[in-house]
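Everything below concerns the one structure shown next.
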Amino acid sequence: MRSIGAALLAAIAIAALAGPVLAPYDRSQQFRDQLFAPPMRIRFFDEAGQPRAPFVYRWRLVDRLERRYEEDRAQPLTLEWFSGGRLLQAPGGVPLLLFGADSFGRDQLTRWLWGARTSLAVALLATAGALLVGTVIGGIAGLASEALPSFDEGLMRITELVLVLPAIYVMLALRAALPLVLPPTAIFLLLVVILTLVGWPHIARGVRAIVIVEVREEYAIAAHALGATRTRVLFRHLLPAAGGFLRGQAVIVLPAFIVAEATLSYVGFGFPDTVPSWGTMLQEASNITTLAQFPWLLSPAVGIFLVVFGANLLLETRETR
Amino acid sequence: MPDVPWWLIRRLAFAVLLVVIVSSSALVLARLAPGDVTSEFYGSGASTSALARERALAGLDRPLLAQYGEWLLAALRFDLGTSLLYRRPVGELVRERAFNTALLAVTALAIATLAGIPLGVMAGSRSRGFLRAGIRLTSVLLLSLPSLLTSLLLVVVAARTQLLPIGGMSSPTPLDGHTWIASLSDVAWHLVVPAVALALPVMALLERTQARAMAEVLRQPFVLAAVARGAPPARILYRNALRVAVRPIVAIYGLIVGSLLSGSFIVEVVTAWPGLGRLMYDALRARDIYLVAGGAAAGSLFIAAGTLFADLMLVMLDPRAALDRSAQAPGAGRAAL
């Protein structure tokens, strides 16, 4: 189970890294005559049941009003590998829509891959941020617990306060306090900061508990007796003891951040539509009637699910051992 | 005995402080945000004098501190001001929507508990077998579907099968000729999709926690002793073991309250359930500062009441918990986010 989880996460990470090559098109390329086109199926057998090189049928619009498409069976299109710097293309400039198309006629697979990059980058940076802030605050509180108990108490009260608040409302309020329209880089940094702010408290509590135990261990006392400063003891000796805890927390926090980004972008408080992320892609699915008619708009949900599932498989084995 | 009241007073003080801090910072944050309610109302076409009049009416022309002080004084008398967006008293609006959210959250919690706990006992009391593996796999799958995804999926399923209504709280049919039972069942019918969407991840969390606690307890010597005495297995399971294994479950309820409120936000947005989440969302978008503060007050009241209730239960079950402030449920981090 553990290896399945790790493999899942690795596969998504590779897909995100190799996104520009794997994606058949540019991020913003639109096919005006393919709005809401369904996902194409890659076929290996022709009409007569004979095997042949992988091919697809192009979509022919049969009902413009209802956006119904039919496969053009007359013309099998053999897929082209490694042409024009992309992994896979359909011949003759025919749009290849393996995940379908959205309301602008953009290829969902391309957006999915670029979206994975955005969502994972935000979540990874925020995870690093939350671990850093949590470790520093927890470490300081843990060290202070003996010398300055009231300082420790104060820090823990603040931690508790942030911990009990429902994270999504804190994020919404923080986001709403700044202009809604910002350049994409600013939004990226803002989201990282906001996620860090809601993510650190649990980590801080755990690190503090570990530091309080470890600081009484003989090796820590010995280091102190040998003249090491408090900071040195903390960073060189005590925090390594929290390594296992921090790794576990990273696996908990990362998928939660992916979901949080998706939620914020879904409700329009995250990235704008021009920046593909799994959240902005889900925005296309916010109209219930559209969603019911074109369920492939949920493909970013599959990405979110896979990340959370992979992380949960890792955690499940860790906890039952 | 002197320990318990002191502990309770502290928790109560924390609860009051929580409500005050959260609603105050919500007001200040919303006030500091660029733009205000008038820019949303009039766009660029309004005359400056009309805008100024509107601002004065909303109390937006005065310095932040004066405005905040006045709001706080009124709030102490339970007057939360008037919504700038809906032109109705905030208290009234919030009460109405908070009830809907409470209905959704309590139903979801009931579904999650009634399904999750028995499944957890079943999975935790077996050391192998298909049932255990099946329940465990289902739970891990469901844990990987946060309420954003469950609500979207259920909406698609409900819309495509046309079995269940989606969107809103009741059908738009005219009310005349409907008895109150009919309208009640109409609401219950509309409640299914959002409540199940909210319940599924919580159910999985409860199942996993219960199963782990159960497996842990069954390894303890007192269980072995009961087996050795020849007590029937069902009795050991439900009389002896469950009683001990219930503690981590109760501890996690305090955190579930928070995650229910977080989860209900997105469920309400996706399924158009008219609850506190949607109200807060609209208020934030429209920069309706009094409504934002009122909603924040209601939300934090929910949280405070929920955690207090869970703590009380915990102390009743195990008085040692009152002394042990650092006691923490396993998996707590997962519930919090």
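Assess whether A:Leu163 counts as being facing chain B (nearest Cβ under 7 Å) and at pLDDT below 90. In short, yes. Being more than 12 Å from the chain's Cα centre (by Cα) and in contact (Cβ under 8 Å) with a residue 24 or more places away in the chain is a property that does not hold for A:Gly279. Pairs please, first residue from the stretch B:217-233 and closer than 15 Å to B:Ser127 by Cα, second anywhere and surrounded by 15 or more Cβ atoms within 10 Å (Cβ to Cβ) and not small (Gly, Ala, Ser), Cβ atoms under 6 Å, 6+ apart in sequence or on different chains. Close Cβ pairs satisfying both conditions: B:Val217/B:Val244.
I'd like the residue in the stretch A:187-210 that is away from chain B (no Cβ under 13 Å) and in contact (Cβ under 8 Å) with a residue 24 or more places away in the chain and, out of all such residues, is surrounded by the most Cβ atoms within 10 Å (Cβ to Cβ). Give the derivation first.
Step one: list which residues in the stretch A:187-210 are away from chain B (no Cβ under 13 Å), which gives A:187-193.
Those still in the list that are in contact (Cβ under 8 Å) with a residue 24 or more places away in the chain too: A:187-188, A:191-193.
Details: A:Ile187: 23, A:Phe188: 19, A:Leu191: 28, A:Val192: 22, A:Val193: 13.
Top of the filtered list is A:Leu191.
For A:Phe235, state whether it is aromatic (Phe, Trp, Tyr), in a helix (DSSP H, G or I) and within 14 Å of another protein chain (Cβ to nearest Cβ). So A:Phe235 fails the test.
Of the residues B:Leu143, B:Leu164, which is of a type outside the set (D, E, K, R) and within 19 Å of the chain's Cα centre (by Cα)? First the steps, then the outcome.
Values: B:Leu164 fails: within 19 Å of the chain's Cα centre (by Cα).
The match here is B:Leu143.
For the residues B:Ser139, B:Ser49, B:Ser127, the requirement of being in a loop (DSSP other than H, G, I, E, B) and polar (S, T, N, Q) singles out B:Ser127.
Among the candidates B:Arg212, B:Arg229, single out the residue that is more than 29 Å from B:Val140 (Cα to Cα) and at pLDDT 85 or above.
Numbers: B:Arg212 fails: more than 29 Å from B:Val140 (Cα to Cα).
Residue meeting the stated conditions: B:Arg229.
Among the listed residues B:Thr107, B:Thr179, B:Thr101, B:Thr138, identify the single one that is more than 14 Å from every other protein chain (Cβ to nearest Cβ) and modelled with pLDDT of 85 or more. Let's see the steps before the verdict.
Details: B:Thr179 fails: modelled with pLDDT of 85 or more; B:Thr101 fails: more than 14 Å from every other protein chain (Cβ to nearest Cβ); B:Thr138 fails: more than 14 Å from every other protein chain (Cβ to nearest Cβ).
Being more than 14 Å from every other protein chain (Cβ to nearest Cβ) and modelled with pLDDT of 85 or more holds for just one of B:Thr107, B:Thr179, B:Thr101, B:Thr138, which is B:Thr107.
Every test in (1) of a type outside the set (Asp, Glu); (2) crowded, with 20+ Cβ neighbours inside 10 Å; (3) more than 9 Å from chain A (Cβ to nearest Cβ); (4) touching an Asp or Glu at 6+ places or on another chain (Cβ under 6 Å) is passed by B:Leu291 save one, and that test is (4).
Looking only at residues that are out of contact with any helix residue (DSSP H, G or I) (no Cβ under 6 Å at 6 or more places or on another chain) and away from chain B (no Cβ under 13 Å) in the stretch A:260-279, which one is surrounded by the most Cβ atoms within 10 Å (Cβ to Cβ)? Here the residue is A:Pro272. For first residues located in the stretch B:265-280 and away from chain A (no Cβ under 11 Å) and surrounded by fewer than 24 Cβ atoms within 10 Å (Cβ to Cβ), partners that are in a helix (DSSP H, G or I) and not polar (S, T, N, Q) and lie 6+ apart or on another chain with Cβ distances below 7 Å form the pairs B:Pro274/B:Arg97.
Only one entry of A:Phe305, A:Phe245, A:Phe257 meets the criterion of being in contact (Cβ under 8 Å) with a residue 12 or more places away in the chain, facing chain B (nearest Cβ under 9 Å) and part of a helix (DSSP H, G or I), and that entry is A:Phe257. The combined condition, being buried (at least 19 other Cβ atoms within 10 Å of the Cβ) and either of a type in the set (Val, Ile, Thr) or not in a helix (DSSP H, G or I) (or both), is fulfilled by B:Val94. So, in the stretch A:2-38, exactly how many residues are surrounded by fewer than 16 Cβ atoms within 10 Å (Cβ to Cβ) and in a loop (DSSP other than H, G, I, E, B)? Residues in the stretch A:2-38 being surrounded by fewer than 16 Cβ atoms within 10 Å (Cβ to Cβ) and in a loop (DSSP other than H, G, I, E, B): 4 in total. Would you confirm whether any residue within the stretch A:168-191 is among the charged types (D, E, K, R), under 20 Å from the mean Cα position of the chain (by Cα) and within 30 Å of B:Ala283 (Cβ to Cβ)? Checking the stretch A:168-191: at least one residue is among the charged types (D, E, K, R), under 20 Å from the mean Cα position of the chain (by Cα) and within 30 Å of B:Ala283 (Cβ to Cβ).
Within the stretch B:147-165, residues that are closer than 15 Å to B:Ser264 by Cα and more than 7 Å from every other protein chain (Cβ to nearest Cβ) reach partners that are at pLDDT below 85 and in a loop (DSSP other than H, G, I, E, B) with beta carbons closer than 9 Å, at six or more positions or on different chains, in the pairs B:Leu154/B:Leu164; B:Leu154/B:Ile166. Screening the stretch A:132-186 for residues that are part of a loop (DSSP other than H, G, I, E, B) and among the hydrophobic types (A, V, I, L, M, F, W, C) and picking the one that is surrounded by the most Cβ atoms within 10 Å (Cβ to Cβ) gives A:Leu165.
For the stretch A:224-245, the condition holds for at least one residue, the condition being that it is aromatic (Phe, Trp, Tyr), within 28 Å of the chain's Cα centre (by Cα) and either closer than 30 Å to A:Ile168 by Cα or surrounded by fewer than 21 Cβ atoms within 10 Å (Cβ to Cβ) (or both). When A:Val62 is tested against (1) farther than 13 Å from A:Pro76 by Cα; (2) surrounded by 12 or more Cβ atoms within 10 Å (Cβ to Cβ); (3) in contact with a strand residue (DSSP E or B) (Cβ under 6 Å, 6 or more places away or on another chain), just one condition goes unmet, and that condition is (2).
The values are calculated or read from the model by the stated rules, or taken from the named source; none is laboratory data. Computed from a predicted model, the values in this text were never measured in an experiment. Please note: Cβ atoms are built from the backbone with ideal geometry, for glycine as well, and neighbour counts cover all protein chains shown.
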